[in-house]
Amino acid sequence: MRSTEPSSASSAIQSGKVEVAGHPIAYTLRGTGVPLLLVAGTGYPGATWPASILEPLAARHRVIAFDHRGTGATPPSAGKYSTRLFAADALGLLAALDVEPAHVVGHSMGGRVAQWMALERPDRVRSLVLAATGPGQFREDRPVTRGVPVHTAVDLIERGYERYMREHIRATFFTPEFARERPDVVDSLHAAFWRDRPDVENYLRHVVARQEHQTADRLKDIRVPTLVLIGDRDTAAMGTGVHTEQSDYLLRHIAGATQRVVEGASHGLFWQAPERTVEILLEWTAAH
């Protein structure tokens, strides 16, 4: 089932819901051209994608963003969350919208979701952009916590949810100098997250889904054109490790993969360096 209505923000933006395996998934759609699906990170609703990314992409593509389960206008569901489940949601959304194979751009946990999309239904993925993401554990001497990392639990309890997210976004998505010079960008991302946030339970369920993701042994099976996108300052050791190291692993183990590096950017390259990021994305989609 599909329902669509104009967004109040602009008549050029459509918003609606589709049912995927009986569960409603909320989405927005703007622009025309070859479809491009944006898959957000851990607990992030679709509204966190900035206009500085959406508008130039929509000038060339039919851009689709959506709310993961338990975020924004997509309700939570019973049962375990996983990156594979989120991939099924995204694939079901594309099928319900009846669009041609899409460029799939996944950021952070969204890149983990995108890997499953390419593995499960390569016929629906025109190309893959894996931005600031990884494959799960790939070194025995660097185990990935399967569950909520202790430091995440401690910080949430001691700081509270709102302060934790505000400080986490500032510390990990942006370089210190950018955060000092452009607090408006940092605050805008936090505000967008907070408006459509998952509740604490659903946020932690997303964290567990991210931590339990594992595709390191399946990367050889990804056969769609793949771009690995990373900021050279994305070096913080987070729940799954260091993203620059994880990106290098993706590059080495996905056949024919290409890597582009956004200089001076941290984990939030879409927000810190939108012009350069869009330039790279449009160069990639034009060639694929």
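May I ask you to evaluate 6.51 cos²θ - 1.76 cosθ + 1.60, the Karplus curve with θ = phi - 60°, for each residue of the stretch 184-201 and list the ³J(HN,Hα) values in order in whole Hz, giving x for glycine and proline?
With the stated coefficients, the stretch 184-201 comes to 5, 5, 4, 5, 5, 5, 4, 5, 5, 4, 5, 4, 10, 5, x, 5, 4, 4 Hz.
Rounded, prolate or oblate: which fits the stretch 150-198, taking a ≥ b ≥ c as square roots of the Cα gyration tensor eigenvalues, rounded meaning a/c under 1.5, else prolate when a/b beats b/c?
Oblate.
First check a/c for the chain, with a ≥ b ≥ c the square roots of the eigenvalues of its C-alpha gyration tensor; if it is under 1.5, answer rounded, and if not, answer prolate when a/b is larger than b/c or oblate otherwise.
Rounded, because the longest to shortest axis ratio a/c is under 1.5.
For ARG182, what accessible surface area do you get with a 1.4 Å probe? Give it in Å², rounded to 10.
Accessible surface of ARG182 is approximately 100 Å².
So between ASP217 and ALA12, what do we pick up on full extension, going 0.36 nm a residue minus the alpha carbon distance?
Additional length available on full extension: 69.6 nm.
If I ignore ligands, DNA and RNA and count only protein heavy atoms, how much of GLU19 is accessible to a 1.4 Å probe, in Å² to the nearest 10?
The value for GLU19 is about 80 Å².
Run the paramagnetic zone check for ARG195: 7 angstrom along Cα to Cβ, then residues of the stretch 27-54 with backbone nitrogen under 16 Å.
Counting only backbone N, you get 27-29, 44-54.
Ignoring ligands, DNA and RNA, what accessible area per residue does the chain give at 1.4 Å, in Å²?
Heavy-atom SASA per residue in the chain reads 41 Å².
Place a point 7 Å from Cα of ASP184 in the direction of its Cβ. Which residues in the stretch 247-288 have their backbone N less than 19 Å from it?
270-276
To the nearest 10 square angstrom, how much accessible area does LYS17 have with a 1.4 angstrom probe?
80 Å²
What is the distance in Å between the Cα centres of the stretch 105-181 and the stretch 218-260?
Measuring centre to centre over Cα atoms gives 13 Å.
Please list, in order, the residues from the stretch 22-61 whose amide nitrogen is less than 19 Å from a point placed 7 Å along the Cα→Cβ vector of VAL148.
Label zone hits: 42-45.
Considering only protein heavy atoms and a probe of 1.4 Å, how much of the accessible area of the chain is carbon and sulfur, as a whole percent?
49 percent
³J(HN,Hα) across the stretch 248-264 via Karplus (A = 6.51, B = -1.76, C = 1.60, θ = phi - 60°), whole Hz, x for Gly/Pro?
Residue by residue, the stretch 248-264 yields 4, 5, 4, 4, 6, 10, 9, 4, x, 5, 10, 10, 10, 10, 9, 5, x Hz.
The values are calculated or read from the model by the stated rules, or taken from the named source; none is laboratory data. In this text the structure is predicted, and so the values were computed from the model without any measurement. Every residue, glycine among them, receives a Cβ derived from its backbone with ideal geometry; neighbour counts consider all protein chains shown. These area figures cover heavy atoms from the full protein model, side chains too; ligands, DNA and RNA do not enter into them. Shrake-Rupley method; radii C 1.70, N 1.55, O 1.52, S 1.80 Å.
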